[in-house]
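Notes for the one structure printed next.
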Amino acid sequence: MYLIRKFLTKVVHISNLAIFIVSLLLIVSTAWLIMLVERETFPTFFDGLWWVMTTVTTVGYGDFYPVSIGGRLIGVFLYLFGIALIGLVLGKIIEAFAIYRKRREEGEIMYKGKNHYIIIGWSQKAKYAIREMINTDKNIEIIIIDELEKAPILDHNIHYIQGNASERNVLEKANIKEANTVLVFADDKIENGQLTDGKTLLIASTIESIAPEVYTIVEIMEEIHMKNFKYMNVDEFILSHETISSLFVRSGFRKGISNIFSQLLKHAEGDDLYYIPTHSKWKTYRDAFDALLEKGATLVADRDQLNINRMLDHTIPKDAELYVICDSESHQRILEEV
């Protein structure tokens, strides 16, 4: 019993690569050996390999089996050592999957993809953001960065990196240099707005120092701090409290107006705001407006310019980013024709 325990203890510490190599050599050598010992029963190497594999995996179809003493001794050897070795290999494979899953849940695996979206700071707002992103593009790759012990949500296209987002190595683990966009949510666990924005600013400064070309959007609690973020070259700001308060007030003065904002903000509800690439035939905004209107879409903006109706005869610049309001079917038809 002592010898068996000692043997098992040593086997556990053998590297996975060594086990796989020994298993491969065992399978190949015994398949070759059984072919040499019993040429009539196993005329080809593949026949021998088939018998070895069905034996060590305990399937045993019975279509091939040794009849000579030498062949049966090889079979006994496989029963004693081959089955145990293959069982050990399968155990190692299952263990590797379990370790990988554990490391993925704990956010320890480096992401190596490109053009992904990074969400920093887990909260209910981040959860809703991910849901909206998936509704917009089901193939989108999303990385969540937070200090939680385990991933708050995981999927084939949703990944987790554990750590402090203000630390360079954590952001590099998320491959931030190859990211499409970074969304930094304010830490709602901090009650003081000044401290919250201070933490967000620290994260933003680290992002800009590593990947200044990546588009960065941050949530700000107090408007007075916006100039600090502009100094850090942050691309876009969302004033959390101001946005919610403004929507409340507008709904109070004009009942039901929040439903309009909901439709424009959610892809799952009604018409939506979509980006439309410019067409070579469109010289002026009027050309684009009329052409899009025929297809069921209303041109409303070029970037942040909402006064399209007062500049219809202006020439569309080369760097224009046109936005329309329409349903998803109309948007898809327009993209196919543009």
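For the stretch 323-338, what are the residues that are part of a loop (DSSP other than H, G, I, E, B) and more than 13 Å from Thr278 (Cβ to Cβ)? Quick ask: steps written out before the conclusion?
Here is the first cut: in the stretch 323-338, the ones part of a loop (DSSP other than H, G, I, E, B) are 327, 338.
Asp327, the sole residue that qualifies.
Which one of Gly70, Gly91, Gly62, Gly87 is outside the structural domain of Glu219 (by TED's automatic domain parsing) and in contact (Cβ under 8 Å) with a residue 24 or more places away in the chain? Step through it out loud before you land on a result.
Details: Gly91 fails: in contact (Cβ under 8 Å) with a residue 24 or more places away in the chain; Gly62 fails: in contact (Cβ under 8 Å) with a residue 24 or more places away in the chain; Gly87 fails: in contact (Cβ under 8 Å) with a residue 24 or more places away in the chain.
Among Gly70, Gly91, Gly62, Gly87, only Gly70 is outside the structural domain of Glu219 (by TED's automatic domain parsing) and in contact (Cβ under 8 Å) with a residue 24 or more places away in the chain.
Could you tell me which residue of the stretch 271-287 is farthest from Thr298 (Cα to Cα), considering only residues that are in contact with a helix residue (DSSP H, G or I) (Cβ under 9 Å, 6 or more places away or on another chain) and assigned to a loop (DSSP other than H, G, I, E, B)? Only one residue tops the list, namely Lys281.
What about Val37, is it over 30 Å from Asn16 (Cα atoms) and among the β-branched types (Val, Ile, Thr)?
Numbers: over 30 Å from Asn16 (Cα atoms): yes; among the β-branched types (Val, Ile, Thr): yes.
Yes: the conditions hold for Val37.
Across the stretch 98-127, the number of residues qualifying as under 16 Å from Ala179 (Cβ atoms) and loosely packed, with under 14 Cβ neighbours inside 10 Å comes to 5. If you go through the stretch 289-318 and keep only what is surrounded by 13 or more Cβ atoms within 10 Å (Cβ to Cβ) and within 36 Å of the chain's Cα centre (by Cα), you end up with Leu292, Lys295, Gly296, Ala297, Thr298, Leu299, Val300, Ala301, Asp302, Gln305. Checking Ala301, Ala320 one by one, the residue that is on the phi < 0 side of the Ramachandran plot, part of a loop (DSSP other than H, G, I, E, B) and at pLDDT 90 or above is Ala320 and no other.
I'd like to know if the stretch 38-47 contains one or more residues that are assigned to a helix (DSSP H, G or I), outside the structural domain of Met133 (by TED's automatic domain parsing) and of a type in the set (Asp, Glu).
Filtering the stretch 38-47 for residues assigned to a helix (DSSP H, G or I) gives 45-47.
Narrowing the set further to residues that are outside the structural domain of Met133 (by TED's automatic domain parsing) leaves 45-47.
When the remaining residues are screened for being of a type in the set (Asp, Glu), the result is 47.
Scanning the stretch 38-47, I find at least one residue that is assigned to a helix (DSSP H, G or I), outside the structural domain of Met133 (by TED's automatic domain parsing) and of a type in the set (Asp, Glu), so the answer is yes.
Every condition in (1) among the aliphatic types (A, V, I, L, M); (2) without any contact (Cβ under 8 Å) to a residue 24 or more places away in the chain; (3) farther than 22 Å from Thr200 by Cβ is met by Met110 except one, and the failing one is (2). Tallying residues that are under 13 Å from the mean Cα position of the chain (by Cα) and more than 18 Å from Thr216 (Cα to Cα) within the stretch 132-150 yields 4. Residues considered: Ile143, Ile134, Ile130. Of these, the only one that is out of contact with any Gly (no Cβ under 7 Å at 6 or more places or on another chain) and either closer than 18 Å to Leu171 by Cβ or not assigned by TED's automatic domain parsing to the domain that holds Glu178 (or both) is Ile143.
Which of the residues belonging to the stretch 168-191 are within 18 Å of Trp122 (Cα to Cα) and of a type in the set (S, T, N, Q)? Across the stretch 168-191, the qualifying residue is only Thr181.
When Ala98 is tested against (1) modelled with pLDDT under 90; (2) not assigned by TED's automatic domain parsing to the domain that holds Val28, only condition (2) is not met.
The values are calculated or read from the model by the stated rules, or taken from the named source; none is laboratory data. These numbers were taken from a predicted model, which means no experiment stands behind them. Positions of Cβ are generated from backbone atoms using ideal geometry, with glycine treated the same way; all protein chains shown enter the neighbour counts.
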